[in-house]
Amino acid sequence: MTPANGIYRRRQFGPFHVLEAAYKPGLRMSPHEDGVALRISIVLAGLVQEDSRGVTEFGSAASVVVKPSDVRHANVFGNEGAQLVSIVIPEEVIPDRRGLSEWTWHHGGPISRDATSLVRIYRTESETAGAVEACTYALLDTLLDTLREDTSEAGAPAAVPAWLRRVRERLHEEFAEAYSVAELAEEARVHPVYLTRLFRRHFQCSVTRYVQRLRVRYAAAVLASPRDRSVARLAQEAGFFDQSHFSRTFRNEFGLAPGQFRSIMRLPGRRQFNE
């Protein structure tokens, strides 16, 4: 019988151990360390809050976290629980771990696309060791490339200005609403060009791209949850112009159409938890 929370399935593919875990709604986990060399976890469904070293991150469907063994962290799971797939990476696989030595969360973009591709292969195809192993190496390569790009950025200030934090908070609160950079700049009392420049410097993308990612993250979380929404209704709720625009943007972000994503990432039924 599977426990109310914790690992319910372990598989090995080449050098990698793949673990599936389900966590009950509202579960709180006190600070702990995972005790494995390196773990990369992919959120399939639900909401995960993770706190480490004074920083709080929130992960939802297709979010990816890189977690070295010495990272002490605490977790809180959302009111629908959560399901994750984790890949344990042995030390000999990556001799130079400098690029993967920090606790980092990633939401969308190439990393989430590779993670979603790995989950698709793992859950819906033949689950051959070679295919899952190849997808894991591809994800590691993308992570290392992305982290190298981030560390090569020069001249970025250490702290995000308070006015820019407020701009970002407004975008998070009103991502489905229409907005303009000019209006955001006026509210922040800065020039639109200055806002655009600092936003890109601190958050590595444009305001438009940032809002687009917030919208598809919301859609991904709904698609992976037990809530039923038609794709057309979800597109409207998330703030997209129409279903076609939503589907195209979603596929670009996660590598799957919304319907495919829903079938792969949605929480499985109780019968599957009792393996």
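The values are calculated or read from the model by the stated rules, or taken from the named source; none is laboratory data. The structure displayed is predicted, hence computed values, not measured ones. Cβ sites come from the backbone with ideal geometry, for glycine too, and all protein chains shown count toward neighbours.
If you go through the stretch 158-186 and keep only what is over 15 Å from ARG213 (Cβ atoms), in contact (Cβ under 8 Å) with a residue 12 or more places away in the chain and of a type in the set (D, E, K, R), you end up with ARG166, ARG170, GLU177. Selection of the stretch 12-71 for residues being of a type in the set (Asp, Glu) and surrounded by fewer than 16 Cβ atoms within 10 Å (Cβ to Cβ) yields GLU33, ASP51, ASP70.
No other residue among SER60, SER52 is within 14 Å of MET265 (Cα to Cα) and outside the structural domain of GLN212 (by TED's automatic domain parsing) apart from SER60.
Of all residues in the stretch 188-204, those that are closer than 16 Å to GLU169 by Cα and not assigned by TED's automatic domain parsing to the domain that holds HIS107 have Cβ atoms under 8 Å from Cβ atoms of residues that are of a type in the set (Ser, Thr, Tyr) and buried (at least 17 other Cβ atoms within 10 Å of the Cβ), 6 or more apart or on another chain, in PHE199/TYR210; PHE203/TYR210. When restricted to residues that are among the hydrophobic types (A, V, I, L, M, F, W, C) and surrounded by fewer than 18 Cβ atoms within 10 Å (Cβ to Cβ), the stretch 72-87 contains 2.
Of all the residues in the stretch 182-212, those that are in contact with a helix residue (DSSP H, G or I) (Cβ under 7 Å, 6 or more places away or on another chain) and in a helix (DSSP H, G or I) number 15.
Reported count of residues in the stretch 163-183, each being exposed (fewer than 11 other Cβ atoms within 10 Å of the Cβ) and over 25 Å from the mean Cα position of the chain (by Cα), is 1. Taken as a whole, the condition of being surrounded by fewer than 17 Cβ atoms within 10 Å (Cβ to Cβ) and outside any helix (DSSP H, G or I) applies to PHE241.
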